[in-house]
1. Give the value in nm², to one decimal: projected area of the alpha carbon convex hull of the stretch 48-101, averaged over all directions.
2. Pick out, from T53, P16, A93, the residue whose Cα sits farthest towards the positive end of the charge dipole of the chain, with +1 on the Cβ of Lys and Arg and -1 on the Cβ of Asp and Glu.
3. Mind pulling the angle between the C-alpha long axis of helix 16-34 and the longest principal axis of the chain? Nearest 10 degrees, somewhere in 0 to 90.
4. Whole-Hz ³J(HN,Hα) for each residue in the stretch 36-45, computed from phi via Karplus 6.51 cos²θ - 1.76 cosθ + 1.60 with θ = phi - 60°, x for glycine and proline: what do you get?
5. Can you list residues whose amide H is under 5 Å from G56's amide H, if they're 5+ apart or on another chain and H is modeled 1.01 Å from N?
6. Add -39500 (n - 2.57) for each DSSP H run of 4 or more in the chain, then divide by its residues: what number comes out at 222 nm, to the nearest 500 deg cm²/dmol?
7. Determine the dipole magnitude for the chain: charges of +1 sit on the beta-carbon of Lys and Arg, -1 on that of Asp and Glu, nothing else is charged, the reference point is the Cα centre, and the result goes in debye to the nearest 20.
8. Which angle from 0 to 90°, rounded to the nearest 10, does the C-alpha axis of helix 83-97 make with the longest principal axis of the chain?
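Where a number appears in this text, it was derived from the coordinates with a stated rule and is not lab data. Because the structure is a prediction, the values reported are computed rather than measured. Here the Cβ is made from the backbone with ideal geometry for all residues, glycine too, and neighbour counts use every protein chain on show.
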Amino acid sequence: MAGTDPIVTVTDAPGPEVGIVLGNCLDQHNRDHAGYWDQRPLAVLVRDPDTGTVLGGLTGRTSLGLAFIDLVYLPATLRKRGYGARILQEAEAEARRRGCRAGVLYTITFQAPGFYARHGWEEFGRVECDPPGTARVFFRKTFTLADGPDSS
């Protein structure tokens, strides 16, 4: 490759190795600048009691003092029964145990922005998207000792 420029390509099928290469490189960059690296996956799962099958839950990660909530899903049969609140509270509690000072997430206006607001998450931005009249809604929450499970 000496003497030639790299090739830039666009694809909708990058393959799993791309995420590994980019992730490892970015992790090293962050480690070099922060002086440490503490990224860990975070999941709170709701499982069928008989089969163990995952029915819903939350996935994300913690890194450098922040919790990132990436995906939250519950089937309609489990909504409005307290499971959403429980998985969110469990994720927040684990993030605090890991030393996170705050959390961030985004949802869509037709998903659950009201749910997050009711649980103390503060909207800090919106970006319009499709279908028309829809937006991505960005939330943050500061975690304090008073939020913790042992703070009576």
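1. 4.2
2. A93
3. Computed tilt is about 80 degrees.
4. Along the stretch 36-45, the couplings run 7, 8, 10, 4, 9, x, 9, 9, 10, 10 Hz.
5. Distant-sequence amide H within range of G56: V46.
6. -8500 deg cm²/dmol
7. Using only the charged Cβ atoms, the result is roughly 640 debye.
8. 60
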